[in-house]
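Trainee: Have a look at the structure that comes next, please.
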Amino acid sequence: MLNVILCGAPGSGKGTQSDLLVKNYGLKHLSTGDLLRSEIKSGSSLGKQIESLIAEGNLVPDHTMIHLIEHFLDNLEKDCPGIIFDGYPRTVDQAEALTLMLTRHKMSAVMLDLYVEEDEVIKRLLERGKVSGRADDNYETIKQRLKIFHEVTKPVCYYYLTRHNYFAINGNNSVENTYAQIDTILQLVQK
Ligand code: ADP
């Protein structure tokens, strides 16, 4: 299986690159953000608990996220060619839990870290906010999401770097250029 963890600041293009990986590699896309937003939309009790956290740009608690991932992995189709983890893990505790869960399922994953300059990320998110209807795509919340990204999520990159499971991608240029870098790495990883 080809399991990919896409890391990168909000607005770094994880969703866009995931769409291309689904199309070209047939991978299954697990976007925790999408999953959480559909919980909110459904009006479930979990949705009600997490709505304000997301709207304020804060993280959903680790135990909730780990439980969601556990459920996803337990229900994975046997012939799944691989998974794109988009938005998970976002804390070192989530990363450690993922390592244990993947090991239990006899799987592993590589991290692709999309680096995009902060000014560019803010510009993209404000642009997206005009059409996304997302409660968190406004300037104040974007700033909070970026703060959390640097303080809490960036250490997750070092977690994979020190385990030799890490590739950095320059995501500042076009979608095609970013995808070409990802494709080259995945071709190598598969050999
Ligand atoms: P982005 O990468 O643009 O910030 P996402 O759609 O991945 O957007 O996530 C939106 C929000 O959902 C996050 O700001 C956070 O509140 C919540 N979220 C998503 N994934 C996680 C996670 N792994 N752990 C905690 N909270 C999460």
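Trainee: Could you look through region 159-172, keep only residues that are open to solvent by 60 Å² or more (accessible area, probe 1.4 Å) and modelled with pLDDT under 95, and pick out the one that is nearest to Pro89 (Cα to Cα)? Reasoning before the result, please.
Mentor: Just the residues of region 159-172 that are open to solvent by 60 Å² or more (accessible area, probe 1.4 Å), to begin with: 161-164, 167-168, 170.
If we keep only those that are modelled with pLDDT under 95 as well, we get 163-164.
On the way: Arg163: 15, His164: 17 Å.
Restricting to residues being open to solvent by 60 Å² or more (accessible area, probe 1.4 Å) and modelled with pLDDT under 95, the top hit is Arg163.
Trainee: I'm trying to understand the selection: among the residues of region 17-55, which are outside any helix (DSSP H, G or I), touching a residue at least 12 places away in the same chain (Cβ under 8 Å) and over 17 Å from Gly133 (Cβ atoms)?
Mentor: Gly26, Leu27, Lys28, His29, Leu30
Trainee: Here is a follow-up. Cβ-Cβ distance below 6 Å, separation of 6 or more or different chains: which pairs start in region 88-107 with a residue that is under 19 Å from Arg145 (Cβ atoms) and end on one that is more than 11 Å from the ligand (Cβ to nearest atom) and assigned to a helix (DSSP H, G or I)?
Mentor: Pairs that qualify, where the first residue is under 19 Å from Arg145 (Cβ atoms) and the partner is more than 11 Å from the ligand (Cβ to nearest atom) and assigned to a helix (DSSP H, G or I), are Val92/Pro155; Val92/Tyr159; Ala95/Tyr159.
Trainee: When only residues in region 11-22 that are away from the ligand (no atom under 13 Å from the Cβ) and surrounded by fewer than 19 Cβ atoms within 10 Å (Cβ to Cβ) count, which is farthest from Glu176 (Cα to Cα)?
Mentor: By that ranking, first place goes to Val22.
Trainee: Still on this structure, I have one more. Please work out which one of (1) in a helix (DSSP H, G or I); (2) open to solvent by 40 Å² or more (accessible area, probe 1.4 Å); (3) within 10 Å of the ligand (Cβ to nearest atom) is the condition Leu59 fails and give its number.
Mentor: The one condition Leu59 does not meet is (1).
Trainee: Look through Val152, Val116 and report the one residue that is surrounded by 19 or more Cβ atoms within 10 Å (Cβ to Cβ), within 16 Å of the ligand (Cβ to nearest atom) and of a type in the set (A, V, I, L, M).
Mentor: Sole residue among the options that is surrounded by 19 or more Cβ atoms within 10 Å (Cβ to Cβ), within 16 Å of the ligand (Cβ to nearest atom) and of a type in the set (A, V, I, L, M): Val116.
Trainee: Filter region 23-38 down to the residues that are near the ligand (Cβ under 7 Å from one of its atoms) and aliphatic (A, V, I, L, M) and list them by number.
Mentor: If the condition is that a residue be near the ligand (Cβ under 7 Å from one of its atoms) and aliphatic (A, V, I, L, M), then Leu36 is the only one that fits.
Trainee: Then there's this: Looking only at residues that are closer than 17 Å to Cys157 by Cβ and open to solvent by less than 50 Å² (accessible area, probe 1.4 Å) in region 98-113, which one is nearest to the ligand (Cβ to nearest atom)?
Mentor: Looking at residues that are closer than 17 Å to Cys157 by Cβ and open to solvent by less than 50 Å² (accessible area, probe 1.4 Å), I get Leu98.
Trainee: Would you check which residues across region 62-79 are under 23 Å from Glu96 (Cα atoms) and more than 15 Å from the ligand (Cβ to nearest atom) and list them?
Mentor: Result: Asp74, Asn75, Leu76.
Trainee: Does Asn177 satisfy the criteria of being open to solvent by less than 80 Å² (accessible area, probe 1.4 Å), over 18 Å from Phe85 (Cα atoms) and either at pLDDT 95 or above or not in a helix (DSSP H, G or I) (or both)? Reasoning before the result, please.
Mentor: Details: open to solvent by less than 80 Å² (accessible area, probe 1.4 Å): yes; over 18 Å from Phe85 (Cα atoms): yes; either at pLDDT 95 or above or not in a helix (DSSP H, G or I) (or both): yes.
Yes, satisfied.
The values are calculated or read from the model by the stated rules, or taken from the named source; none is laboratory data. Remember, it's a predicted structure, so these values are computed and weren't measured experimentally. Every residue, glycine among them, receives a Cβ derived from its backbone with ideal geometry; neighbour counts consider all protein chains shown. Areas reflect the complete protein model, heavy atoms only, side chains present, ligands, DNA and RNA absent. Shrake-Rupley method; radii C 1.70, N 1.55, O 1.52, S 1.80 Å.
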